[in-house]
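Structure first, then comments.
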Amino acid sequence: MALYITDDLLRADRNNLTLVRLLLASAVIYTHAVESMGAVDETAALFGKQISWLAVNGFFSLSGFLMYRSLERNPSIGAFALARFLRIWPGMLSMCLIVTAIFFPFTIFSLVEYVCGHATISFVFGNQLLMPSYYLSGVYCSDIDSGAPCVINGSLWTIRWEVSCYIAITMLAGMQLLTRRIMKVIILPLLVTSALVFKYPSVHHWFEVSRNAHVYFPEQVLRLWTAFFIGAAAYANRDRIRLSWWGAVVALVLVYVSRTYFFGDVVRAFAVFYLVLCIGFLGVRALPDAHVLPDYSFGMYIYGMPIMQLYRTTVPHIEPHVLAVATFFTAVPFAAFSWHFVEKPAQAFRRILLARRPWQSRFN
């Protein structure tokens, strides 16, 4: 079976994209749990990168795909900004507050020192300002950390990068540069070429040893922005993308054979998103009711690591794979709470605001 992505397939009841997001969040949980215990994520040997690395790329590409669609359907700066704010911040703020309360019994500080400590304040409020802070005052995970403060929620590092992608695509739309042709001929080729040049061994080595350059920032820009705009370009050219399970097999083979080459990261970014699209659209017949699943993906992502660290604190020598399974199932009720009582009501509130106020600032 092969098909092209039509507008009809983008209806919520005609695809499994909600399930795909949940699978991607679960992949991140798996790698974090296994590697936090000093074990090796076996998927790295097969794919050249941990499954979580591929999943984050898939998240960003799917985000670019859906954000382009959002701007195409309602090209309003105000509406787009409001939608993105209410999709991320209510859930993230509630998570920070809940996690802070959960970890209080594990701090070595008093209640006042814990709540008013710099690390706790930064965790609760700094993350809302996109200044990632991963610690809580006086909280230590286990002996594995050799007495270092516990990284409560390292997963939050991607939020800032995702918001930067939102800003970038908004600016491009505002400058009338978010067309199919420009995406295909200029924006995506420019990002891909830059990523390939950066990954070329001699160039990458120069970045690493140069006193005037820090490798982390350009590496993440080229990795995550490229993944995001692969998704945006895919939506812009969706009627020309032929999806098939044979194509998915080829994509898997590409992920495997490219793992030892400098250009492998870029190849994997394209291949992973093709797989995401195949699972999301071709898997509907195999899983016809997957579209009715509530969207727990964001909750699973932001609660996964804190729950994992809670297990590490209470069961210091838990087996890595058991930790991954326990973290997943324990995160489900937290994700359910986040979706049903925070994220979903925030989206309903957004619809009320948009209905009451005409958003006139448009891109086209």
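The values are calculated or read from the model by the stated rules, or taken from the named source; none is laboratory data. Just so we're clear, the structure is a prediction, and the values are computed from it rather than from any experiment. Heads up, the Cβs are rebuilt from the backbone with ideal geometry, glycines too, and the neighbour counts pull from every protein chain shown. Keep in mind that these areas ignore ligands, DNA and RNA; they rest on the heavy atoms of the full protein, side chains included. Shrake-Rupley method; radii C 1.70, N 1.55, O 1.52, S 1.80 Å.
Tabulated results
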read-out: The range 140-280: Rg to Rh, with Rh as the Kirkwood radius over Cα pairs; value: 1.04
read-out: Partners for K344 among aspartates and glutamates (Cα-Cα distance below 16 Å; same-chain residues under 8 apart left out); value: D295
read-out: Net charge of neighbours whose Cβ lies under 13 Å from the Cβ of T260, counting Lys and Arg as +1 and Asp and Glu as -1; value: +3
read-out: Qualifying lysines (Cα of each under 23 Å from Cα of K199; at least 8 residues distant if same chain); value: K49, K184
read-out: Taking the convex hull of Cα positions in the chain, its mean projected area over all directions (nm²); value: 19.6 nm²
read-out: Equivalent ellipsoid dimensions for the range 80-154 as semi-axes, Å, which come from the Cα gyration tensor, largest first; value: 25, 13, 10
read-out: Sum of -39500 (n - 2.57) over DSSP H runs of 4+, divided by residues of the chain (222 nm, nearest 500); value: -19000 deg cm²/dmol
read-out: Carbon plus sulfur fraction of accessible area for the chain, probe 1.4 Å, in percent; value: 68 percent
read-out: Förster-model FRET efficiency, 45 Å R0, V185 and I121, C-beta, rounded to 0.05; value: 0.40
read-out: Distribution of pairwise C-alpha distances over the range 181-246, 5 Å bins, in %; value: 3, 17, 21, 18, 14, 12, 7, 5, 2, 0
read-out: Computed Kirkwood radius, in angstrom, where 1/r is averaged over Cα pairs of the range 110-171; value: 12.9 Å
read-out: Length released on extending from I241 to L9, taking residue separation times 0.36 nm less the Cα-Cα span; value: 82.2 nm
read-out: 10 Å-binned pair-distance histogram of the range 19-107 (Cα, whole percent); value: 14, 29, 32, 20, 5
read-out: Extension reserve of the K344-F85 stretch, reckoned as 0.36 nm per residue once the Cα distance is removed; value: 91.9 nm
read-out: Rounded FRET efficiency, nearest 0.05, which uses the C-beta distance separating L252 from S210 and R0 of 41 Å; value: 0.65
